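Take a look at the structure below.
The values are calculated or read from the model by the stated rules, or taken from the named source; none is laboratory data. This one's a predicted model, so the numbers in the text were calculated from it and none came from an experiment. For neighbour counting, all protein chains shown are included, and Cβ atoms are generated from backbone atoms with ideal geometry for every residue, glycine included.
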Amino acid sequence: MKNKELRKTAKALMAGDKGLLAMDESTETCNKRFIAAGIPTTIEYRRAYRELIVTTPDLGKCLSGAILFDETIYQATKDGVLFIDILKDAGIIPGIKVDEGTVDLANFPGEKVTLGLDNLRARLTKYYELGARFAKWRAVIKIDKGIPTRGSIETNMQDLARYAALCQEAGIVPIVEPEVLMDGDHSIKKCFKVTEKVLHTLFKQLALQRVDLRGLILKPNMVLPGNESEKQVSVDKVAKATVTCLLKTVPATVPGIAFLSGGQSPELATAHLNAMHVKYDKKMPWALTFSFSRAIQQPALDIWKGKDENVKAAQKLLFERASLDNIARRGKYTTDMEKEVTAS
Ligand code: 13P
């Protein structure tokens with residue numbers, strides 16, 4: 001029964017040309033983005049910003065799901081309507097970030113491990129009661145001299161698999177997010193190798209923990225050169241490397257893959273997703289969509305600036321950005337469409 005429910009939710013999350021919005025920044029991360037945009041870092045500003053997002057007109061036309069942060073799942077609009085109810089009314093499935101951030105991994109200098117497994121079973125039960133039907137856990141893998149090590153990859157992937165098993169037990173679809181970071185000057189080839197190893201290890205661990213692959217969604221990085229690499233590559237090359245890596249590692253039973261944007265510009269993240277659909281639609285056994293945070297939110301956040309009079313303009317940008325990602329999912333995006341967004 002539970003497995004049936006999980007598969008139904010996973011399928012709904014990947015439906016049509018829709019995708020997911022990650023609006024689950026921790027307080028620390030949200031404050032960091034607010035400081036950069038000159039917005040006060042108070043709980044009320046964070047609430048107002050999330051109200052701006054969830055009340056964006058027609059958001060349900062672009063999104064199948066939205067990932068919330070613990071603070072946000074209890075919050076409501078100024079008029080007292082819970083965000084989670086607004087999402088549900090718009091046909092958007094509410095999700096919840098359940099990892100508790102990363103800390104240094106003992107004995108592995110420069111590498112991290114994600115916290116949050118303790119008490120996770122109880123927290124998942126509570127989130128299910130509140131209405132969340134999927135969850136997210138992010139593991140972070142950094143590329144640098146001598147890292148990532150096998151020890152850190154195994155540890156992080158085992159934790160992701162244990163999280164996924166607990167989610168499924170609670171009737172919640174796990175989004176498993178092993179993020180190979182863009183930071184650094186490594187080549188696309190190096191990113192390919194590391195992503196391949198990480199995904200191989202992840203699926204081995206998911207099998208060991210008896211996770212039902214039909215009831216989960218993978219949230220990977222795209223295969224890219226490091227952001228400080230002198231050898232940046234074409235959109236088509238990123239699409240090819242990413243799809244090849246996923247075809248080598250992700251079983252066909254996985255219903256869907258939803259990318260993180262990882263610090264790419266909104267335009268590039270959209271163009272990469274589009275190129276994958278243009279060239280490889282027939283080769284891919286899983287649905288392929290977006291689960292962006294910055295690549296959808298950043299333009300809207302920049303224009304909002306914490307001011308009521310900018311809410312409508314910010315919502316328009318948010319909707320347009322997500323709509324372009326829908327178009328990319330259909331393989332019909334062109335860079336000319338960006339001009340129309342900027343002009344309107
Ligand atoms: P970005 O799209 O900004 O990388 O965020 C996605 C996410 O959910 C990170 O956990």
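The rows are residues; the columns are (1) within 16 Å of the ligand (Cβ to nearest atom); (2) within 28 Å of residue 254 (Cα to Cα).
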| residue | (1), (2) |
| --- | --- |
| 9 | no, yes |
| 21 | yes, yes |
| 24 | yes, yes |
| 40 | no, no |
| 69 | yes, yes |
| 74 | no, no |
| 117 | no, yes |
Test of understanding: among 275, 258, 314, which residue is more than 22 Å from residue 68 (Cβ to Cβ) and modelled with pLDDT of 95 or more?
275
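Which residues, counting only those in region 204-232, are more than 16 Å from the ligand (Cβ to nearest atom) and touching a Leu at 6+ places or on another chain (Cβ under 8 Å)?
205, 206, 212, 213, 214, 215
Which of the helices (runs of 4 or more DSSP H) contained wholly in region 230-343 include at least 2 residues that are crowded, with 22+ Cβ neighbours inside 10 Å? Please lay out each step first, then the result.
Numbers: elements: 235-249, 266-280, 294-304, 311-329, 336-343.
Hits in region 230-343: 235-249, 266-280, 294-304, 311-329.
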Search result, residues across region 164-176 that are in contact (Cβ under 8 Å) with a residue 60 or more places away in the chain and more than 20 Å from residue 64 (Cβ to Cβ)
169
Does residue 102 satisfy being within 16 Å of the ligand (Cβ to nearest atom) and among the polar types (S, T, N, Q)?
yes
Say whether the condition of being within 16 Å of the ligand (Cβ to nearest atom), within 15 Å of residue 260 (Cα to Cα) and in contact (Cβ under 8 Å) with a residue 12 or more places away in the chain is met by at least one residue in region 297-317.
yes
Residue, farthest from the ligand (Cβ to nearest atom), within region 143-174, restricted to residues that are in a loop (DSSP other than H, G, I, E, B) and of a type outside the set (Lys, Arg):
146
Taking region 153-163, which residues are among the hydrophobic types (A, V, I, L, M, F, W, C) and either without any contact (Cβ under 8 Å) to a residue 12 or more places away in the chain or farther than 20 Å from residue 196 by Cβ (or both)?
none
From the option list 263, 256, single residue qualifying as touching a Ser or Thr at 6+ places or on another chain (Cβ under 8 Å) and either away from the ligand (no atom under 16 Å from the Cβ) or touching a residue at least 24 places away in the same chain (Cβ under 8 Å) (or both) is 256
Just the residues that are more than 16 Å from residue 115 (Cβ to Cβ), within 16 Å of the ligand (Cβ to nearest atom) and among the small types (Gly, Ala, Ser), please, taken from region 126-142.
132
Could you check region 26-142 for strands (runs of 3 or more DSSP E) lying wholly inside it with 1 or more residues that are out of contact with any Pro (no Cβ under 9 Å at 6 or more places or on another chain) and aliphatic (A, V, I, L, M)?
63-68, 93-97, 102-104, 112-114
Just to be sure I understand, how many residues within region 105-115 are of a type in the set (Phe, Trp, Tyr) and within 15 Å of the ligand (Cβ to nearest atom)?
0
Would you check if residue 125 is under 20 Å from residue 72 (Cα atoms) and of a type outside the set (A, V, I, L, M, F, W, C)?
yes
Pairs with Cβ under 6 Å, 6+ apart, first in region 110-129 and on the phi < 0 side of the Ramachandran plot, second among the polar types (S, T, N, Q)
111/152; 112/102; 113/155; 114/102
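Would you point out the residue of region 274-296, among those that are within 19 Å of residue 63 (Cα to Cα) and out of contact with any strand residue (DSSP E or B) (no Cβ under 6 Å at 6 or more places or on another chain), that is farthest from the ligand (Cβ to nearest atom)?
Step one: filter region 274-296 for residues within 19 Å of residue 63 (Cα to Cα), giving 274, 277, 286-296.
If we keep only those that are out of contact with any strand residue (DSSP E or B) (no Cβ under 6 Å at 6 or more places or on another chain) too, we end up with 274, 277, 292, 294-295.
Numbers: 274: 16, 277: 18, 292: 4, 294: 3, 295: 5 Å.
Result: 277.
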